[in-house]
Structure formats: C-alpha cells, structure tokens
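Just below is one structure, and these are the notes that go with it.
The values are calculated or read from the model by the stated rules, or taken from the named source; none is laboratory data. As the structure is a computational prediction, the values presented were derived from the model and not from experiment. With ideal geometry, Cβ positions are generated from the backbone for all residues, glycine too; neighbour counts draw on all protein chains shown.
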Amino acid sequence: MQAAKKRRNKLAFDIDKLPADKPGEWLKGTGPESDIVVSTRIRLARNVKGYPFLHSMTEKQQEEVNSLLEKAFKAIDRNRSAANPIKGKLAFCELKDAGSLDRKFLAERHLISQEHAAGKNSRSVAFSSDERFSIMVNEEDHIRLQHILSGLRLAEAYEAVDKVDDEIEKVVEYSYHPTYGYLTACPTNVGTGLRASVMLHLPSLAVSKHIEKVFHSAKKMNLAVRGLYGENTQAHGDFYQISNHVTLGESEASCIRKLSEIVPLIVKFERDTRKMLIDENKMKFEDRIYRSLGMLRSARIVTSEEAMSHLSNLRVGVFTGLLGGIDIKTINQLFVISQPAHLQRLSGGELCEEDRDSIRAQFLREKLESN
C-alpha cells in the first residue's frame with residue numbers, strides 16, 4: 001500500500017506541473033495562419049520488435065513494453081543528443097495508477113488520446129515540459145510519438161518528430177518490414193506510420209453551410225476530417241482536424257506536401273467567407289459575436305458545448321477586429337478552463353455535471369468582466 005501511495009504521489013506531482021489555467025501548445029495562438037490554423041500535429045506509430053501488437057498482448061507483456069520504454073526514455077534524457085529537439089527532461093506518467101480526472105485532464109491538453117485515457121493495464125505517457133512532444137506507450141500501438149506546434153508548421157513539426165524518432169530507435173528496435181515499412185496494429189497506419197494533421201477553426205464555413213465542400217474535397221484527396229479530439233469526436237466550437245488517411249505506399253514527404261497544398265486553400269476559403277458574411281450583413285455578423293459575449297458575461301449555467309460555441313464566436317470577433325478589449329490569450333485560456341477536467345482541477349476536485357456548468361459560468365463571467 002505504501003509503495004502504491006508513493007507511485008501515486010509521484011504521478012500527481014508530474015501532472016500538477018501542468019497549470020490548469022493556462023493553455024497547452026495547441027492553443028498558444030501563435031505561428032503562421034494562427035487565426036484559422038490553430039495547430040499542427042505530426043504523429044508516428046511504432047511497435048517494439050519481438051512483441052505482439054497490443055490487442056494480442058498479455059498483461060505481463062504490456063508491463064514489459066511499458067518498463068522497456070520507460071528505461072529508453074530515461075536513457076535518452078541522460079545521453080541527450082545535440083540532434084534531439086526535446087527541451088528539458090521528459091515527465092513519465094503511469095496511467096494505470098492515475099485517476100480518471102488526471103487522465104481526462106491529459107486528454108484535454110492533447111497529450112494523450114481519449115482511447116489512451118480509457119485504456120486498461122500497463123500504459124503510460126512521456127511528455128516534454130513545453131508540451132510540444134508526447135509519447136504514448138501502449139495506446140493502439142506500443143509507441144505513439146507526437147509533436148504539436150501552434151499555427152501552420154508541417155515541415156518544421158515533421159523534422160523535429162523525425163529526429164526524436166531516430167533517438168528512440170537508437171535504444172529500441174522497431175518492428176519493420178523491408179517491403180511494407182513500419183508494422184502497426186491498424187492496417188491504415190502500416191508503412192510510414194505517419195499521421196499529419198492540422199486543426200482548423202472554420203466557423204464561417206460552418207455557418208454558411210460551405211463546410212460540406214471542405215469535407216468533399218478532403219475525401220477526394222484521401223484526407224480525413226475529424227472533430228476536436230480526433231477520430232469519432234464532434235467538431236465542438238467549429239474546430240476540425242484534417243489529416244492524411246493513407247500511410248502505405250506514400251512517403252512522408254508526399255503526405256506533408258498534400259496537406260501543405262490543401263490547407264492554405266481552406267484557410268483562404270474561410271477568410272473569404274468571413275469577408276462575404278461581413279459585407280452582406282455586418283450587423284448580423286456582429287450580433288452573433290456580441291450575443292455570445294453577453295451570454296458568457298451574464299449566464300449562470302453554461303455547458304461545455306455552449307462555452308466552446310460562444311468562445312468560437314469571440315475568437316472570430318477578435319481576429320476580424322470587430323471585438324475589442326479582449327485578447328486572444330484570454331480566449332485561449334477560457335477554452336482550456338471551460339473543459340470539464342480542467343474546470344474540476346481548478347475547483348479542487350471532482351464535480352457533478354450541474355456543479356461544473358455553474359462553476360464554468362462563474363469562471364467565464366469573472367474573466368470576461370475584467371476585460
């Protein structure tokens with residue numbers, strides 16, 4: 001019991017280093033095209049040679065892989081190569097011993113996936129102090145390495161994650177086939193194991209019903225469109241993730257190039273649509289923004305979905321110059337605070353849904369009243 005308590009305290013200390021009232025890398029609001037491109041993410045799927053895929057592993061094998069990779073990350077920390085772009089030491093957190101709130105908190109910050117948060121048996125995550133890098137262990141594959149940057153920075157994000165991948169491979173041998181490439185649990189990841197994605201804020205395309213054109217164009221180019229937290233999630237706050245769908249028979253450079261070609265077109269489409277909506281009826285456009293501001297400054301109960309929707313309108317207002325007195329840093333902070341797990345951590349413990357909605361409204365009122 002004492003040993004378990006020590007492990008839990010160590011875990012809580014690592015996670016508590018992440019400030020619940022400040023956004024992670026994906027909501028910094030900086031970088032190229034950051035008014036529409038919220039973040040760029042590159043993720044690599046890898047498996048350790050000599051072990052079956054996760055769905056066929058015993059609990060003992062999961063523990064072995066988890067322990068092996070923890071030692072590998074510690075070795076990388078001790079013998080940090082000049083080529084390694086990770087800043088500071090990696091925090092290594094055992095998810096098996098983490099509470100539900102801690103796991104949801106990490107998922108809201110995009111350090112782990114929702115599937116990883118809900119997983120069973122021995123699994124963990126290592127992440128950098130700036131939250132740009134995270135390495136999920138025993139998610140769908142043994143290793144899910146990701147790098148997130150604000151704005152549209154596909155080439156930069158891939159170059160960095162590729163260097164970290166090389167550092168890990170110096171310590172751990174990957175499952176690799178000379179014909180098929182990296183072997184993964186899901187056939188759609190076989191080959192490069194690369195998933196390049198860009199998170200876009202597209203409220204004007206959504207309200208004008210043009211978003212279906214984006215979906216259609218993406219599908220024709222073998223790209224996937226998902227919600228805020230990836231596969232099988234909704235596009236709350238008009239945030240959409242666009243990513244490559246094919247990894248076998250296509251090089252990393254080809255995947256990056258395809259996204260680099262289509263994303264600027266979508267960015268232009270959103271900007272042109274915003275201008276069109278303002279030119280057609282500026283008062284109606286402004287009214288939607290200021291109704292959201294009034295709602296958030298006065299409401300006593302606000303759900304998570306309502307907060308995302310209204311903050312989305314404020315975000316457009318700031319970037320179009322129609323809403324003054326509030327900076328993007330404040331809005332990004334509120335996007336984080338309004339998430340259920342962040343809200344509960346700021347409040348000091350788990351809350352029922354009704355209490356969360358009430359406290360969320362209070363946080364939003366207090367923050368917006370001072371702006």
Item to check | In the range 23-70, the residues that are touching a strand residue (DSSP E or B) at 6+ places or on another chain (Cβ under 7 Å) and part of a loop (DSSP other than H, G, I, E, B) | outcome: Lys28, Gly29, Thr30, Gly31, Ser34, Ile36, Asn47, Lys49
Item to check | Within the range 36-65, tally of residues that are touching a Ser or Thr at 6+ places or on another chain (Cβ under 6 Å) and modelled with pLDDT of 95 or more | outcome: 6
Checklist entry - Is it true that Glu140 is modelled with pLDDT of 95 or more and part of a loop (DSSP other than H, G, I, E, B)? => result yes
Item to check | Conditions (1) more than 16 Å from Glu70 (Cβ to Cβ); (2) part of a strand (DSSP E or B); (3) not charged (D, E, K, R): number failed by Leu106 | outcome: (2)
Next on the checklist: Criterion first (in a loop (DSSP other than H, G, I, E, B), crowded, with 18+ Cβ neighbours inside 10 Å and not assigned by TED's automatic domain parsing to the domain that holds Glu350) does Asp97 satisfy it?
Outcome noted: no
Item to check | Lone unmet requirement of (1) farther than 30 Å from Asp355 by Cα; (2) assigned by TED's automatic domain parsing to the domain that holds Val161; (3) not in a helix (DSSP H, G or I) for Leu322 | outcome: (2)
Item to check | Flag if Leu152 is among the aliphatic types (A, V, I, L, M), farther than 21 Å from Gln339 by Cβ, surrounded by fewer than 24 Cβ atoms within 10 Å (Cβ to Cβ) and modelled with pLDDT of 95 or more | outcome: no
Checklist entry - How many residues are in contact with a Lys or Arg (Cβ under 9 Å, 6 or more places away or on another chain), closer than 28 Å to Glu353 by Cβ and without any contact (Cβ under 8 Å) to a residue 40 or more places away in the chain when one looks only at the range 276-305? => result 0
Checklist entry - Any chance the range 201-223 includes a residue that's under 29 Å from Glu70 (Cα atoms), part of a strand (DSSP E or B) and in contact (Cβ under 8 Å) with a residue 12 or more places away in the chain? => result no
Checklist entry - Which one of Arg297, Arg274 is more than 25 Å from the chain's Cα centre (by Cα), surrounded by 18 or more Cβ atoms within 10 Å (Cβ to Cβ) and not hydrophobic (A, V, I, L, M, F, W, C)? => result Arg274
Next on the checklist: Tell me yes or no: at least one residue of the range 150-164 is in contact (Cβ under 8 Å) with a residue 12 or more places away in the chain, in a loop (DSSP other than H, G, I, E, B) and of a type in the set (D, E, K, R).
Outcome noted: yes
Item to check | Criterion: under 25 Å from Glu350 (Cα atoms) and buried (at least 22 other Cβ atoms within 10 Å of the Cβ) - qualifying residue of Phe105, Phe133, Phe92 | outcome: Phe105
Next on the checklist: Can you pull out every residue in the range 327-355 that is surrounded by fewer than 21 Cβ atoms within 10 Å (Cβ to Cβ) and among the basic types (Lys, Arg)?
Outcome noted: Lys329
Item to check | Among (1) touching a His at 6+ places or on another chain (Cβ under 6 Å); (2) in the same structural domain as Gly31 (by TED's automatic domain parsing); (3) of a type outside the set (A, V, I, L, M, F, W, C), the one test that Lys268 misses | outcome: (1)
Checklist outcome for this item: Reported set for the range 247-268 where residues are assigned to a loop (DSSP other than H, G, I, E, B) and surrounded by 19 or more Cβ atoms within 10 Å (Cβ to Cβ) is Thr247
